[in-house]
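Undergrad: Take this structure first; my questions come after.
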Amino acid sequence: MNLAHLHLLLNHFPIIGTIVGVGLFLFSLAGKNDDLQRAGLIIFSVMALLSLPTFFSGIGAQGAIEKLPGVSSVLIDRHEGAATLALLFMEITGALSLAGLWQSHKFSRPARWNIVTVLLLSLITVGLMARVGTTGGDVRHPEIRAGADPAANEGTLGSIVHAFEPSPDKFTKLMTANKYWWAFMMDMHFIGLIMIIGAVGALDLRMLGFAKALPIASVHRLVPWALAGFAINVTTGVLAFIGMPVFYTYDVAFWIKIFAVLLLGLNAAAFYLTDTFKMVEHMGPGEDAPPRAKIIAASSLVLWFGVITLGRYIQSYQGTISGR
Amino acid sequence: MLVGANALVDLRLLGFSPSIPLAPLKRFFRIMWIGFGINAATGVVLLISYPTKALTNPVFYAKLTMIASAIWILMKLQKEVFGDPTLPETDMMARGASLAKWSLALWVGAISAGRLLAYTFKYILYPF
């Protein structure tokens with residue numbers, strides 16, 4: 001498997017997933033079904049996470065085909081610009097969905113503003129994702145192209161959306177134009193990391209039996225700090241990738257790190273979507289968490305330290321993946 | 001291990017997440033000291049490997065000053081706020097609030113200086 005293959009494997013998830021999420025969300029509003037609504041929010045969060053490797057693998061897919069006959073760099077750039085705009089809306093939708101899930105945990109249901117905003121943004125995301133799919137199909141499927149040059153034959157709506165899509169090359173240059181801007185992004189990436197590890201690490205350690213005098217419910221209230229840190233790190237991480245796409249794409253440490261982040265998503269699902277969370281949620285001082293909660297806590301600690309370590313190895317492992 | 005745990009204690013002292021009991025957070029000081037030990041040891045190794053890179057950069061001295069001050073505050077927190085187990089939470093917060101603010105500011109400063117070090121050095125090795 002190469003990066004082009006990975007891109008093709010992943011690229012259907014954000015498109016179809018957000019459509020399924022919007023469907024569940026609309027049905028939940030029509031039927032006033034809180035479980036369906038939560039399912040919709042969970043799907044948006046998962047899609048926001050999966051969109052990251054989908055986006056990142058695009059540069060590798062470009063590298064694999066750009067020198068083949070009949071491949072147009074204009075079409076690839078159009079697809080990349082569309083993907084960048086769609087990713088922005090997808091990540092904001094995902095972040096607000098996580099906020100809604102937190103609200104439904106704390107106040108039994110998401111706030112009204114949250115539901116309205118998520119609905120609106122997810123509808124825009126579905127539209128933008130459809131455009132990413134179409135422009136992506138145009139790159140490699142001449143049989144579905146609208147005319148000889150689809151970029152020039154766009155409809156009115158397509159041209160309007162295109163005006164908001166960043167030009168990939170200009171965006172890349174903008175991120176690396178000033179070394180202090182780059183240092184600032186890296187700095188924020190570290191600070192976001194500390195917010196995550198401070199909050200998640202404390203919760204994990206408590207579940208493993210450290211500082212047992214702390215009630216788990218109160219330590220769990222730190223989770224919004226971790227979510228805020230994760231939002232900072234997704235933002236700065238994506239901007240860094242856009243700044244040096246080739247550097248990250250052909251780096252084995254980068255991909256293992258992203259894989260570890262996805263595994264952390266799975267670990268969080270194992271915690272919150274099974275009854276494990278309900279078992280530990282109300283544990284008071286001195287109470288011992290069940291073994292499966294300890295396994296999840298240990299996995300989380302190991303994976304987060306893996307993510308940190310792999311992040312430090314990205315610099316040394318550049319160019320470890322061939323294909324360009 | 002050092003900054004994450006210290007920030008947690010600082011924020012709690014400043015009144016965030018008031019449902020977390022303060023006294024048991026004392027256990028986290030051990031984690032902070034282990035973290036500091038690792039960072040000090042690996043930092044010294046890095047300094048020995050690239051002495052010119054660090055010592056010719058004023059940012060390096062700013063970073064060390066901020067770390068030293070943050071560690072001094074950490075020791076004060078441990079002794080003055082968490083040292084007396086009979087102290088009620090309100091007194092712990094009253095004593096710790098300004099220390100906590102300084103601690104957070106110094107750690108953010110030290111981390112930023114550390115990141116800046118990777119981009120502002122003049123020489124990696126001694127220029128022959």
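A short reminder: the numbers here are calculations on the coordinates, not readings from a lab. Quick caveat, the model's predicted, so the values are computed rather than measured. Here the Cβ positions follow ideal geometry from the backbone for every residue, glycine too, while neighbour counts run over all protein chains shown.
Undergrad: Can you compute the helix-only [θ] at 222 nm over chain A? Use -39500 (n - 2.57) per DSSP H run of at least 4 residues, normalise by all residues, nearest 500 deg cm²/dmol.
TA: On the way: 14 runs with 252 residues, N = 324.
That calculation yields -26500 deg cm²/dmol at 222 nm.
Undergrad: Under 4 °C and 1.567 mPa s, how fast does region B:2-120 diffuse according to Stokes-Einstein, given a Kirkwood radius computed over C-alpha pairs? Answer in µm²/s, whole number.
TA: Numbers: Rh = 15.2 Å.
Rounded to a whole number, D works out at 85 µm²/s.
Undergrad: In addition: Roughly how far apart, in whole Å, are the Cα centres of region A:155-179 and region A:39-91?
TA: 14 Å
Undergrad: So for the protein assembly as shown, what are the equivalent ellipsoid semi-axes in whole Å, largest first, each being the square root of 5 times an eigenvalue of the Cα gyration tensor? Display every interim value, and only then the final one.
TA: Details: eigenvalues 335, 189, 63 Å².
Whole-Å semi-axes of the equivalent ellipsoid: 41, 31, 18.
Undergrad: Explain nothing, just compute: Karplus ³J(HN,Hα) = 6.51 cos²θ - 1.76 cosθ + 1.60, θ = phi - 60°, for every residue of region A:187-196 in order, whole Hz, x for Gly and Pro.
TA: Values, residue by residue: 4, 5, 5, 5, 5, x, 4, 5, 4, 5 Hz.
Undergrad: Among A:188, A:279, rank each residue by its count of other Cβ atoms within 10 Å, from fewest to most, as a rough exposure measure. Kindly include the intermediate steps, with their values, before the conclusion.
TA: Numbers: A:188 19, A:279 14.
The fewest-first ordering by Cβ neighbours comes to A:279, A:188.
Undergrad: Which Cα, out of B:18, B:85, B:64, lies furthest along the positive dipole direction of region B:2-120 (beta carbon charges, K/R +1, D/E -1)?
TA: About the Cα centre, the residue reaching furthest to the positive side is B:64.
Undergrad: Could you list A:42, B:34 so that the one with the fewest beta carbons within 10 Å of its beta carbon is first and the one with the most is last?
TA: Values: A:42 19, B:34 13.
In increasing order of surrounding Cβ atoms, one gets B:34, A:42.
Undergrad: Give the order of A:207, A:1 when sorted by the count of other beta carbons within 10 angstrom, beginning with the fewest. All intermediate terms of the calculation are to be shown ahead of the outcome.
TA: Numbers: A:207 26, A:1 7.
Fewest-to-most Cβ neighbours within 10 Å comes out as A:1, A:207.
Undergrad: What lysines could a cross-link reach from residue B:26, if we take a straight Cα to Cα line under 24 Å and drop same-chain neighbours fewer than 8 places away?
TA: In chain and number order, the partners are A:212, A:294, B:76, B:79, B:101.
Undergrad: Report Rg/Rh for region A:279-321, rounded to two decimals, where Rg is the Cα radius of gyration and Rh the Kirkwood radius. List each step's numbers first, then the result.
TA: On the way: Rg = 16.8 Å, Rh = 13.0 Å.
Looking at region A:279-321, the ratio lands at 1.29.
Undergrad: Additional query: For region B:2-120, what relative contact order do you get, as a whole percent, if you take Cα pairs closer than 8 Å and at least 6 residues apart? Walk me through the intermediate numbers first.
TA: Numbers: 94 pairs, mean separation 48.1, N = 119.
RCO, region B:2-120: 40 percent.
Undergrad: For region B:23-32, just list the computed ³J(HN,Hα) in residue order, Karplus coefficients 6.51, -1.76 and 1.60, θ = phi - 60°, integers in Hz, with x standing in for Gly and Pro.
TA: Values per residue, Gly and Pro as x: 3, x, 5, 3, 4, 6, 4, 4, 4, 4 Hz.
Undergrad: How much FRET efficiency would the formula 1/(1 + (r/R0)^6) give for residue A:73 and residue B:90, where r is the Cβ-Cβ distance and R0 is 60 Å, rounded to 0.05?
TA: Once the sixth-power term is evaluated, E becomes 0.35.
Undergrad: Which value in nm describes the separation of the simple spin-label points at residue A:130 and residue A:12, placed 7 Å from the Cα toward the beta carbon?
TA: Those two pseudo-labels are separated by 1.9 nm.
Undergrad: Enumerate the amide H contacts of residue A:317 below 5 Å, restricted to partners 5 or more residues apart or on another chain; note that Pro and chain-start residues carry no placed amide H.
TA: none
Undergrad: Same structure again: Could you sort the peptides A:162-172, A:85-95 by per-residue average Cβ neighbour count (10 Å cutoff), highest mean leading?
TA: Numbers: A:162-172: 14.8, A:85-95: 23.5.
Most protected by this proxy first, the peptides run A:85-95, A:162-172.
Undergrad: Per-residue HN-Hα couplings for region A:297-307, Karplus 6.51 cos²θ - 1.76 cosθ + 1.60 at θ = phi - 60°, whole Hz, x for Gly and Pro?
TA: Karplus values, whole Hz, x for Gly and Pro: 5, 5, 4, 4, 4, 4, 5, 5, 5, x, 4.
Undergrad: Quick one: compute the contact order of chain A, relative version, from alpha carbon pairs under 8 angstrom and 6+ residues apart, as a percent.
TA: Details: 406 pairs, mean separation 57.9, N = 324.
Taking the mean separation of contacting Cα pairs over the length of chain A, I get 18 percent.
Undergrad: Still on this structure, I have one more. Put +1 on the Cβ of every Lys and Arg and -1 on every Asp and Glu Cβ in region A:224-324; which of A:240, A:318, A:286 then has its Cα farthest towards the positive end of the dipole?
TA: Most positive-ward Cα: A:318.
Undergrad: Using +1 on the beta carbon of Lys and Arg, -1 on that of Asp and Glu, and nothing else charged, what's the dipole of chain A about the Cα centre, debye to 20?
TA: Details: 22 positive and 19 negative charges, 107 e Å.
Computed charge dipole of chain A: roughly 520 debye.
Undergrad: Which residue, A:191, A:254, A:65, has the largest displacement toward the positive end of the dipole of chain A when charges sit on each Cβ (Lys, Arg +1; Asp, Glu -1)?
TA: Projecting each Cα onto the dipole axis, the largest value belongs to A:191.
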